[in-house]
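Sharing a structure below in structure tokens format, with a few things to ask.
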Amino acid sequence: MDPQVQAILDSMAQRAQAAGAPPMWELPPAEARANAETNFQAFNDPMPAGVVIDDRKIPGPEGDIPVKVFTPSDDGPWPLLVYFHGGGWVIGSPATHAKLCAELAAGAGAVVVSVDYRLAPEHPAPAPLDDCVAAAKWAVENAGELNATAGRWAIAGDSAGANLAAASCIRLRDEGGPLPVFQLLLYGVFQRDLETESMQANGEGMILERRTMEWFWEQYLSGGASAGDPLLSPVNASLEGVPPARLIVGTLDPLLDDSHRFAEALEKAGVPVVLSEYPDQPHLFLQLSEMLDAGKQGVAEAVMALRQALRQPA
């Protein structure tokens, strides 16, 4: 194993043992959420320079949606990227993912709108996706207000956020747009299959636990939605006409096979897709870029892919 990854896993195991805290799936969702807000702050140090961060609220289907906007400090207007954070549809926020979004904004030269969508189980499916689609539409329609241009825009997310990004592209295609030119999907969950080879091999001790993923799905589906719904499991969707995609995932991720299956489904539908696998890397490795050389490489690849997609002539 990558010694940098081993050091992180050892440190996490030692801290968990010392704290004696119950696993996430045994906590009330609100408590798990509060813990994540505290623990994920370690991922945000240091923040990259050259990015202005602004918090605002935009109209949503059930009240205002908070968003965090990351804007390069140089003159614009800039291309636009709409980002959905991970956290199993239950935990996480734009604050927990601030460093990664700032890195994408600075590196790709884009305004990043990170969406604080409603979370399960208080707001089960399809509420998070409804907020994401509404936020994407608002960002494109109000790009000028953000010092951005909507001529070419992209959508991105990590883990459950990648699920929401992929599902948003399907919804936007079916609802007549606006459709992004590119989707960046980082170690995404694209199906409810807890028996894949990668889930069985990496479902314990590799940051994302199989039991945690099962608990996340239970919360997301608590309103009665079906896991087989193509907007919840995009591998089941008709994918013709969705934007080209870049998928990035590590080989120690329980969700590795999700990326394989979704890439195969996109390719079968005639959608240009690149799947990048990083050997010996776990879930969240781009967010651990301060500690992992491969995380830095992953961020650089994501930035390069965004720059290429957003600066090609229309």
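The numbers here are math on the coordinates, done by the rules we state, and not lab data. Everything numeric in this text was worked out from a predicted model, so none of it was measured. Reconstructed Cβ throughout: ideal geometry from the backbone, glycine too, with neighbour counts over all protein chains shown.
I need the peptides 145-158, 232-245, 44-57, 178-191 ranked by packing, meaning the mean over residues of other C-beta atoms within 10 angstrom, with the highest value on top. Mind showing how you got there, number by number?
Numbers: 145-158: 21.7, 232-245: 20.0, 44-57: 12.6, 178-191: 24.4.
Ranking, from highest mean packing down: 178-191, 145-158, 232-245, 44-57.
If the chain between residue 6 and residue 53 were fully stretched, how many nm would it gain, using 0.36 nm times the residue separation less the Cα-Cα distance? Don't jump to the answer; show the numbers that get you there.
On the way: separation 47, 0.36 × 47 = 16.92 nm, distance 3.34 nm.
The span from residue 6 to residue 53 would gain 13.6 nm if fully extended.
Let me ask you something else. Residue separation times 0.36 nm, minus the C-alpha to C-alpha distance between residue 238 and residue 64: what's the value?
Values: separation 174, 0.36 × 174 = 62.64 nm, distance 3.10 nm.
This chain segment gains 59.5 nm when fully extended.
Over the chain, calculate the relative contact order: mean separation of alpha carbon pairs under 8 Å at least 6 apart, over the residue count, as a percent. Kindly include the intermediate steps, with their values, before the conclusion.
Details: 649 pairs, mean separation 55.7, N = 314.
Value for the chain: 18 percent.
If one computes P(r) from the Cα atoms of the range 23-311, what percent of pairs lie at distances over 32 Å? The partial results should precede the final answer.
On the way: 6148 of 41616 pairs.
Result for the distance tail: 15 percent.
Ok, one more. Calculate the FRET efficiency for residue 21 and residue 229 from the Cβ-Cβ distance with a Förster distance of 41 Å, rounded to the nearest 0.05.
Values: r = 34 Å, r/R0 = 0.82.
Calculated transfer efficiency: 0.75.
Right, another one. For the chain, give the magnitude of the charge dipole about the Cα centre (Cβ charges: +1 Lys/Arg, -1 Asp/Glu; no others), in debye to the nearest 20. Don't jump to the answer; show the numbers that get you there.
On the way: 20 positive and 41 negative charges, 132 e Å.
Around 640 debye, computed over the chain.
State, to one decimal in nm, how far the label point of residue 39 lies from the label point of residue 308, with both points 7 Å from Cα in the Cβ direction.
Output for this residue pair reads 3.5 nm.
Here is a follow-up. I want to check a number: in the range 23-311, how many lysine pairs have alpha carbons closer than 15 Å, given a sequence separation of 8 or more or different chains? List each step's numbers first, then the result.
Working: 57/68; 57/137; 68/99; 99/296.
Going through the range 23-311 pair by pair, I get 4.
Using 0.36 nm per residue of separation minus the Cα-Cα distance, give me the extension gain between residue 194 and residue 122 in nm, one decimal. Can you show the working numbers first?
Working: separation 72, 0.36 × 72 = 25.92 nm, distance 2.34 nm.
In short, 23.6 nm is gained.
Taking the Cα centre as origin and putting +1 on Lys and Arg beta-carbons and -1 on Asp and Glu beta-carbons, what dipole magnitude results for the range 183-314, to the nearest 20 debye?
It works out to roughly 560 debye.
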